[in-house]
Structures are given as C-alpha cells and as structure tokens.
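The values are calculated or read from the model by the stated rules, or taken from the named source; none is laboratory data. None of the values given here were measured: they were computed from a predicted structure. Cβ: placed from backbone, ideal geometry, glycine included. Neighbour counts: every protein chain shown. For the accessible areas, the whole protein counts, side chains as well, though only heavy atoms, and no ligand, DNA or RNA atoms are used. Shrake-Rupley method; radii C 1.70, N 1.55, O 1.52, S 1.80 Å.
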Amino acid sequence: MVWCYGVDTTYFIVMINFHLRRNLLVVVFIIVPIGIVWLFITLVSSMFTSDDNINTDKITNYIEKIDNFALQEFNSKQQLVHFVEAKNYFNFKQAPALLIEPTVTAYNEKGEESYTMTSKRANYLGNGDIKFKGKVDIKSNTGIVYKMHAKELSVNTKTSDLISQREITYFDEHSKVLAEGMTMIETKDKMQLWGKISISQDGGQEIFTRDLTIDQSNAQKHYYSKRDTTYVADGNKIHAQGVDMNMNKNLVKLLNTIKILQKSGSIINTKNLVINQSNNKEIYSTKEKVHYQSRTVDIHSTGMHFNAKAKKVKLTGGVIGHYE
C-alpha cells in the first residue's frame with residue numbers, strides 16, 4: 001500500500017498507471033526476442049528424434065547448405081592441423097552451424113594423423129571449435145578406438161585436445177564408465193575422466209570413485225584413481241582409498257586401508273586387496289594383516305584368499321582366533 005500526502009490522489013494513480021504501462025511495454029519488447037529465439041531453438045531441436053537420429057528433411061530454416069562439406073584448417077606455420085568432412089553442412093542465422101555425419105581428422109606437427117573422430121552430428125562454432133553430441137567414436141593413430149556417448153564433447157582446434165564438461169559415458173569391451181566430464185590430450189593415449197565415476201562391468205561388479213585416469217598408451221589398459229573407492233560384487237561391499245585396474249589381465253587392486261562388508265554381517269579389515277576377475281572368477285587376496293569379524297568369531301591373520309563366488313575364506317600366516 002502506498003500512502004500519499006499533499007498530492008492529488010487521482011493524479012498520482014494516473015502517473016503510476018502510466019509508468020506501469022511503460023514498464024510493461026519494455027517487458028514485452030524484451031520477451032518477444034527471447035520468445036523468437038526459444039521458438040527457433042525448439043524448431044531446431046524438433047529435427048532430432050534422438051541424439052543420433054537426424055531427419056534432414058525437416059531442416060528448412062538454414063541460410064546456407066553445403067553437401068559433401070570439406071574444410072582444411074592450418075596453423076600459423078601453414079601446417080595442416082584439422083581436416084573436417086561432413087555429409088551436410090547447415091548454416092543458421094541465430095545458431096551454430098550444423099554438421100551431419102562429420103569426420104574430423106587431427107594432424108601433429110609432422111603432418112601425421114593423430115586421431116579421427118566420427119559422429120552423427122556436431123556443431124561448428126564461430127571460434128573454429130567443433131562440438132560433438134551423442135555417439136562419438138575416436139580412433140587413435142596407434143589403433144586404439146574410444147567409443148563414447150557425450151552430451152557435449154568439444155575439439156579444441158588450437159591444441160587438438162578433447163574436452164567435455166558435461167556427462168559422458170565411455171564404453172570399454174567389458175565395462176561402461178559414467179563420468180561428469182573428460183579431458184584427453186591429443187599427443188597421448190590417456191583420458192582423464194572427472195567428477196563422480198561409476199564403472200559397470202559385464203560380470204555385475206560396480207565400482208564407484210572420482211577422477212579416473214584411463215591410460216591406453218603402449219597397448220596397456222590401465223585405469224586408476226587415488227580417490228576413495230567403493231567396490232560392490234557378489235553381496236560384498238568393499239571400501240578402499242584408491243583403485244588400480246589392469247583391464248588386460250582382469251585384475252583390480254584396491255589400495256591402502258580396506259574394509260569388506262559382507263551380506264551376512266561379517267567384516268574384514270585389511271590393506272591392499274587384489275581382485276582376480278579372470279575366467280569369470282571373483283577372488284580376493286592380500287598378504288597384509290587381516291582382521292576377520294563375524295557374530296561368532298574374531299580372527300587375526302597375515303594373508304587371505306577369499307573366493308567370493310564360492311563364499312570360502314582362507315586365512316593364512318599366524319592365524320589367531322577367538323570363538324564365541
């Protein structure tokens with residue numbers, strides 16, 4: 001409520017209405033352009049039935065279209081750094097250019113191919129960067145192939161590095177890795193996955209950690225993180241202070257302090273646990289001191305061999321137990 005003193009109330013109300021009307025007009029003028037942009041984005045989005053399925057017949061609001069698109073990008077030394085190809089190129093007035101079925105090849109300083117990226121679609125940005133969405137395949141010059149699904153994956157045309165600051169899923173031969181972001185250096189077969197990490201393996205195992213490095217240089221498949229890690233399999237939940245995985249040998253090393261919580265309620269405390277997953281096995285072993293506790297026993301030992309699938313625990317080396 002507004003109180004007025006020493007003025008004509010009718011005149012005051014008229015002035016309020018006048019200013020209100022002017023403000024409303026300003027709001028309308030602001031909303032209309034935003035509405036137009038939103039409508040444009042909606043129309044562009046309707047062209048895609050999913051991230052990977054594109055109906056180019058519905059793309060009608062472009063200002064330029066090029067079939068069999070090809071573009072070469074050179075650095076300041078006039079060296080070829082990128083070769084961009086696409087089935088179709090669409091240029092829009094109020095949105096980034098769209099590439100249909102793009103292939104991007106990056107070159108090193110020697111003029112050799114570093115990697116090739118393929119996808120169903122990508123956006124070509126004004127600064128020259130290329131932003132992929134949906135399914136993306138990356139083939140390194142070493143022969144390694146990375147398969148992933150990205151909400152957004154950008155190629156930095158100055159460094160050829162790959163960057164994503166949004167959710168990304170990486171597919172290995174026997175596992176799926178979900179992360180909150182990614183960086184991959186062009187000159188190395190090494191990928192850094194950022195944020196919360198979940199690894200789902202074909203055998204049903206689940207691994208939860210943060211900031212995972214995937215190193216595939218020199219034909220290795222080395223996954224590792226120094227952050228707190230939880231490993232879940234066969235009714236067991238294992239807490240550790242890091243993880244080191246040799247995917248070629250199907251070996252998982254859980255690092256430092258280990259706590260195994262069994263479905264039965266038993267607890268095993270130890271350090272540096274090795275999990276052998278080869279031939280569909282699930283065997284936990286350590287040479288460190290072990291403290292096994294259940295409702296009826298309390299046992300200390302030095303060393304353990306635990307067949308999780310068979311639910312058999314073998315404690316070795318100076319076993320001392322207390323039974324109730």
- Could you rank the peptides 54-67, 261-274 by their average count of other C-beta atoms within 10 Å per residue, with the highest value first? 261-274, 54-67
- Note on the structure: The answer for PHE92, listing residues at least 5 apart or on another chain whose modeled amide H is closer than 5 Å to its amide H, is ILE63, ALA97, LEU98
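Might you report the magnitude of the Cβ-based charge dipole of the stretch 211-324 about its Cα centre, with Lys and Arg at +1 and Asp and Glu at -1, to the nearest 20 debye?
220 debye
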- Message: For Cα pairs less than 8 Å apart in space and 6+ apart in sequence, what is the mean separation divided by the residue count of the stretch 59-152, i.e. the relative contact order in percent?
- Response: 18 percent
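Order of 246-259, 86-99 by packing, highest average Cβ count within 10 Å first?
86-99, 246-259
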- Item | Vicinal HN-Hα couplings computed from phi for the stretch 97-109 (Karplus, 6.51 cos²θ - 1.76 cosθ + 1.60; Hz; Gly/Pro x) | 4, 10, 10, 9, 6, x, 10, 10, 10, 9, 10, 8, 5
- Task: Between ASP137 and ARG295, take the C-beta separation as r, use R0 = 51 Å, and let me know the FRET efficiency to the nearest 0.05.
- Result: 0.45
- Net lengthening on full extension, ILE283/LYS237 (0.36 nm per residue, minus Cα-Cα): 15.2 nm
- Task: Apply the Karplus parameterisation 6.51 cos²θ - 1.76 cosθ + 1.60, with θ equal to phi minus 60°, to every residue of the stretch 149-166 and state each ³J(HN,Hα) to the nearest whole Hz, in sequence, with x for glycine and proline.
- Result: 10, 10, 5, 6, 9, 9, 9, 7, 6, 7, 10, 6, 6, 10, 9, 9, 10, 10
- Name the long-range amide H neighbours of LYS221: under 5 Å, sequence gap of 5 or more, or other chain; modelled H, no Pro or chain starts. MET247, ASN248
- At a 1.4 Å probe, what is the % contribution of carbon and sulfur to the accessible area of the stretch 215-324? 49 percent
- Label-point separation in nm, VAL145 to ARG210, each point 7 Å along Cα→Cβ: 3.5 nm
- Query: For the stretch 130-136, in order, what is each residue's ³J(HN,Hα) by Karplus, 6.51 cos²θ - 1.76 cosθ + 1.60 with θ = phi - 60°, in whole Hz (x at glycine and Pro)?
  - Reply: 10, 10, 8, 9, x, 6, 9
- Note on the structure: Per the stretch 167-324, sqrt(5λ) over the Cα gyration tensor eigenvalues, sorted largest first, in Å, gives 32, 14, 14
- Query: Do you know the relative contact order of the stretch 227-324, to the nearest whole percent, from alpha carbon pairs under 8 angstrom that are 6+ apart?
  - Reply: 17 percent
- Query: Around VAL290, which amide H atoms from residues at least 5 apart in sequence, or from another chain, sit under 5 Å from its own amide H, with H modelled in the peptide plane?
  - Reply: SER301, THR302, GLY303
